[in-house]
Amino acid sequence: MARRSSPTPPPGDFEERILDVDVVDEMQGSFLEYAYSVIYSRALPDARDGLKPVHRRILYQANEMGLRPERGHVKCARLVGEVMGRLHPHGDASIYDAVVRMAQPFSMRLPLIDGHGNFGSLGNDDPPAAMRYTESRLTAASMSLVESIHEDTVDFGPNYDGSEQEPLVLPSAFPNLLVNGATGIAVGMATNMPPHNLSEVVAAARHLIKHPAADLDTLMRFVPGPDLPTGGRIVGLSGIRDAYESGRGTFKIRATASVQDVTARRKGIVVTELPYAVGPEKVIAKIKDLVNAKKLQGIADVKDLTDRENGLRLVIEVKNGFVPEAVLEQLYKLTPMEETFGINNVALVDGQPLTLGLKELLEVYVDHRFTVVKRRSDFRRRKRQDRLHLVEGLLVALVDIDEVIALIRSSEDAAQAKERLMARFGLSETQTAYILDTPLRRLTKFDRVELEAEKAKLISEIAELTEILESDAKLRSVVSGELGAVAKQFGTARRTVLLEAGAVPSGALAVPLEVADDPCRVLLSSTGLLARTSGMEPVETEGARAKHDVIVSAVPATARGDVGVVTSAGRVLRLAVIDLPAVPEGSAALAGGAAVGEFLRLEAEESALALTTLDESSPGLALGTLQGVVKRVVPEWPANKDEFEVIALREGDRVVGAVELRTGEEDLVFVASDAQLLRYPAGQVRPQGRPAGGMAGIKLADGQRVLSFTAVDPAADAVVLSVAGASGTLAGGVQTTWKVTPFEQYPRKGRATGGVRCQRFLRGEDGLVFAWAGPVPALAAAADGSPVALPERDPRRDGSGSPVAKPVAAVGGRA
């Protein structure tokens, strides 16, 4: 038994007071109080705004101090001091650590603090500068978290000493908990939540608002997985689905690496993205320890070439005689270049720590936004009703302004004037006081017009706010619209690539995978991105365009099969489908794809043109070259080779177009730089073996070359795009006029003839810069993959074009 002495007795009172307390009860009670404080006041975020108390207090106090994006930075020491003195009764180190984390773009997917100075480095390899040196202010994103906080949108409570009020939660205009994630260790529980892409999370939230009964699979079409600030590759999606369903799961994060020539005699592994919260110094130290312990062989040197201009660049030189791809596999297994992230979605809901899945997290946030918008609308309506009450009273006074003035002048004092005005005009006490306080200069005809306009506006706004408060459909529409606006303002492209299995990014190693050999489609975008779909369903053909959405080639395949990549050098390179990143089913863009160079090694001036299935039962490949040669290749592909030639090119020639025929009944289409278009059936071209050099495809005029070679189904709705340019731009440059013409306007001609003209040149134009023929919808893209809207169809076969709105670099479809 423990003995606790009573407080010191007053002078003269020498009676000893001793309270006997069971030590077990004392320890239990004290530990529970400590655990409660840690759980609710320090370690776990609120599921509504995704913030712990310290983060919430920092953002709120910064907003109260006016540290907005349009104003200058202030010393972090000042912000930390204000937060510690007014709201957060803990040490300044913990507050500054929270400020630093919210300012780090490699820690937060959407930083909430705009930092100025040294705020540390990736992996905390270099600590941040002291708070007396660094400066900070709020970001535009964090302003949306505190927006409308003074419009009675959230509850306030007393601070630690009861002298001030602080918000218990922020309005949070975007789902911060999912977007930025959270980490924290409490007593008996912990939370570890990865960041996500803002646009994807908002899309899922908006879908849930419209369809409250949506299931997890539907929501995961919008949020396929985390999107980490440092990029990288997530390997294995089953653990992500477990986490989204139950709130707990694991996944692996791999560094983004490629094999390159780092010196004149050596190859090396270049790492451009590391797993989340892993810094280059940690990787370098681990590699050196493994090399010294002789557990890792083949490493010649490791260099950290990271800088602000180029970002992360870790170069690992490989000794001659070692296979770089094999060394890379060992690095993944033995170093932090592959890390496991354990998801544990524990957050506070109504004051209770709960483990939440994706749908539950979205539901808690959406319900919070419903409450915020309701309270904000009610607040604004009350403000407008109060103002309308005053305006109506002032308008009543203006109608009989002479009588009002006379009544006031004849009154003994203000109190009598107030009573007489209320009795004469039936005004309220508030209206009467406002009239008496109104300056005489406002009692003009012009001000009356202004008051009547203000009254009409107030009535309209009150009606709109009332509709939000009384209509659930209107409330949902407002919340959804505001979320869409936030995503449009702050949304960015996905940084992390999702892979269903542990394929080596270089694609050079055959890794056995426990993945079903399900049918899929392999896609090649106009910007050279490769990806595979999760099913055989075609991608969307309607809706808004997106970057990288022009697909120049698509072939059916299976997840564990191979496809071929046809290059401009007349080669076919074998590619394992399982190595490719998977894009969500129905996605119209390949923003989550990976560049061809990550999987295949192309020679200088060589580019990937198209994909082929390597199916020997197909009619084979059709190729067209710069010098007008055409070839149909007999589909006999060597099974023991990863690369092989399919055409013997003449000197100076190259392949400009390649397509795998589906039926053999297609029309082959050449377009030359002098605007000559030749169309003839594929049956006029005899199939040849791989070593053959092809045959004459189109007759070219002197100095001309082939711009485009495609194959078009004659029964399909197809068009021809031709883009003319000025002299000297035939190699690509200024584009002046363009024209889209129906394909049926061009008659069939014989092979090796000159064809017909597809566009008449205007003054100053003497050649085509770009051309393409294919089925609709014809989707065009600029060099960076951004969408280009094409003009309407022009039925004139030989007409001139209209001015180019935006240069075209590629045309394809959504296959």
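The values are calculated or read from the model by the stated rules, or taken from the named source; none is laboratory data. From a predicted model like this one, the values you see are computed outputs, not experimental measurements. Glycine also receives a Cβ, built like all others from the backbone with ideal geometry; neighbour counts cover every protein chain displayed.
A compact table of results
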| item | result |
| --- | --- |
| Failed criterion for residue 604 (all others in (1) in contact (Cβ under 8 Å) with a residue 12 or more places away in the chain; (2) within 41 Å of the chain's Cα centre (by Cα) hold) | (1) |
| Subset of segment 425-440 that is in a helix (DSSP H, G or I) and loosely packed, with under 13 Cβ neighbours inside 10 Å - its residue that is nearest to the chain's Cα centre (by Cα) | 430 |
| Hey, residue 20 out of contact with any Leu (no Cβ under 7 Å at 6 or more places or on another chain), at pLDDT 80 or above and not in a helix (DSSP H, G or I) or not | yes |
| Positions within segment 109-164 being in contact (Cβ under 8 Å) with a residue 60 or more places away in the chain, under 30 Å from residue 280 (Cα atoms) and polar (S, T, N, Q), in sequence order | 121, 124, 136, 139, 142 |
| Residues located in segment 313-342, provided they are in a strand (DSSP E or B) and surrounded by 16 or more Cβ atoms within 10 Å (Cβ to Cβ) | 314, 315, 316, 317, 318, 338, 339, 341 |
| Residue, farthest from residue 709 (Cα to Cα), within segment 617-647, restricted to residues that are among the β-branched types (Val, Ile, Thr) and outside any loop (DSSP other than H, G, I, E, B) | 633 |
| Any hit, segment 688-702, residues being assigned by TED's automatic domain parsing to the domain that holds residue 781 and over 22 Å from residue 649 (Cα atoms) | no |
| Test: residue in segment 770-781 that is part of a loop (DSSP other than H, G, I, E, B) and either among the small types (Gly, Ala, Ser) or farther than 17 Å from residue 526 by Cα (or both) | yes |
| Considering residues of segment 85-106 that are small (Gly, Ala, Ser) and more than 24 Å from residue 141 (Cβ to Cβ) only, the residue modelled with the lowest pLDDT | 91 |
| Extreme residue, nearest to residue 273 (Cα to Cα), among residues of segment 107-119 that are crowded, with 20+ Cβ neighbours inside 10 Å and in contact with a Pro (Cβ under 6 Å, 6 or more places away or on another chain) | 109 |
| Count of segment 633-646 residues which are surrounded by fewer than 24 Cβ atoms within 10 Å (Cβ to Cβ), in contact (Cβ under 8 Å) with a residue 12 or more places away in the chain and not aromatic (Phe, Trp, Tyr) | 7 |
| Residue among 504, 577, 583, 511 that is more than 30 Å from residue 650 (Cβ to Cβ), at pLDDT below 70, crowded, with 16+ Cβ neighbours inside 10 Å and not hydroxyl-bearing (Ser, Thr, Tyr) | 504 |
| Any chance residue 750 is within 22 Å of residue 668 (Cβ to Cβ) and surrounded by fewer than 14 Cβ atoms within 10 Å (Cβ to Cβ) | yes |
| Residue within segment 385-393 that is in a helix (DSSP H, G or I), among the basic types (Lys, Arg) and surrounded by fewer than 15 Cβ atoms within 10 Å (Cβ to Cβ) present | no |
| Matching residues in segment 557-575 - criterion: being of a type outside the set (Lys, Arg), over 16 Å from residue 657 (Cβ atoms) and in contact with a strand residue (DSSP E or B) (Cβ under 6 Å, 6 or more places away or on another chain) | 557, 558, 559, 562, 563, 573, 575 |
| Wholly within segment 48-136, helices (runs of 4 or more DSSP H) carrying at least 3 residues that are more than 16 Å from residue 159 (Cβ to Cβ) and not hydroxyl-bearing (Ser, Thr, Tyr) | 76-86, 92-103 |
| Residue satisfying condition, being in a strand (DSSP E or B) and either at pLDDT below 90 or not assigned by TED's automatic domain parsing to the domain that holds residue 685 (or both), within set 785, 725 | 725 |
| Index of the failed condition, residue 789 passing every other in (1) exposed (fewer than 15 other Cβ atoms within 10 Å of the Cβ); (2) farther than 24 Å from residue 583 by Cβ | (2) |
| Of the criteria (1) touching a Leu at 6+ places or on another chain (Cβ under 8 Å); (2) among the aliphatic types (A, V, I, L, M); (3) surrounded by 22 or more Cβ atoms within 10 Å (Cβ to Cβ), which one residue 778 fails | (3) |
